[in-house]
Amino acid sequence: MSDKKILTTPIKAEDLADINIGDIIYLNGYIVTCRDVAHRRLINEKRPLPVDVKDGAILHAGPIIRTLGDDKYEMVSVGPTTSMRMEKFEKEFIRQTGVKLIVGKGGMGSGTMEGCRDYKALHCVFPAGCAVLAAECVEEIEDAQWMDLGMPETLWVCRVKEFGPLIVSIDTHGRNIFEENKVEFNKKKDAAIEEICKHVDFIK
């Protein structure tokens, strides 16, 4: 039996209760690509998303899509984009949409930490450089909305199977692995610099 931790949409708050930063999880069900412009339309322009992501998952990504005709599409590559670009929107995005899982690249800040804590959601990191692997987890693209935004910003509704690995960076307690690691790394940095200086004091 697989020991993978797999979430399936729709995701309930209790599904996330025992998941902590640093855990590795996978997703079954649906994930919607959703990045800068979609966030701005919802928050700044007050335009409701044309896709319901309540208890669902979004992916900060601008994919490469192959058009097959008859409104059919194939995922070619879907590498995560830098999540921090969405930081100023994400807490309010979580509140308004009820999304439970946010996937992207790199860390996010205090607003997202508060949003994940207050509304019981996760932010996860998909390993960078694995865009083709991510695409292979997409079984089918079932819908596409806001196509006027162009391929990278379109909301692509993807049915996925064991989409991952996803590394939990912010959990429902508001803990942030990137911020906690910074503290530990800075402690080690000071000691490392002190040791290095002992051996290179001849350099002027």
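Figures for the structure shown
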| item | result |
| --- | --- |
| Neighbourhood charge, 12 Å Cβ-Cβ cut-off, centred on Asp18 and excluding it, Lys, Arg +1 and Asp, Glu -1 | -3 |
| Accessible carbon and sulfur surface of the chain relative to its total accessible area, %, 1.4 Å | 53 |
| Restricting the stretch 38-111 to GluC sites (Glu not before Pro) in coil, as DSSP defines it, with at most 14 other Cβ within 10 Å | Glu45 |
| Whether the stretch 1-108 is rounded, prolate or oblate, judged on the alpha carbon gyration tensor where a/c under 1.5 counts as rounded | oblate |
| Glu142 versus Lys187: modelled label distance in nm, points set 7 Å from Cα along the beta carbon direction | 4.6 |
| Over the chain: helical MRE at 222 nm, DSSP H runs n ≥ 4 each giving -39500 (n - 2.57), nearest 500 | -9000 deg cm²/dmol |
| Near-label residues of the stretch 156-176 by backbone N, under 13 Å of a point 7 Å along Cα→Cβ of Asp18 | none |
| For the chain, share of DSSP beta bridges that run antiparallel, in % to the nearest 5 | 60 |
| The chain, dipole about Cα centre (Lys/Arg Cβ +1, Asp/Glu Cβ -1), debye to the nearest 20 | 520 |
| 1.4 Å probe accessible area per residue over the chain, in Å² | 52 |
| Descending semi-axes in whole angstrom, ellipsoid equivalent of the chain, from the Cα gyration tensor | 33, 19, 18 |
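The values are calculated or read from the model by the stated rules, or taken from the named source; none is laboratory data. Quantities reported herein were computed from a predicted structural model and do not represent experimental measurements. Virtual Cβ from ideal backbone geometry, glycine too; neighbours counted across all protein chains shown. Note: accessible area is taken over every heavy atom of the protein model, side chains too, but ligands, DNA and RNA are not part of it. Shrake-Rupley method; radii C 1.70, N 1.55, O 1.52, S 1.80 Å.
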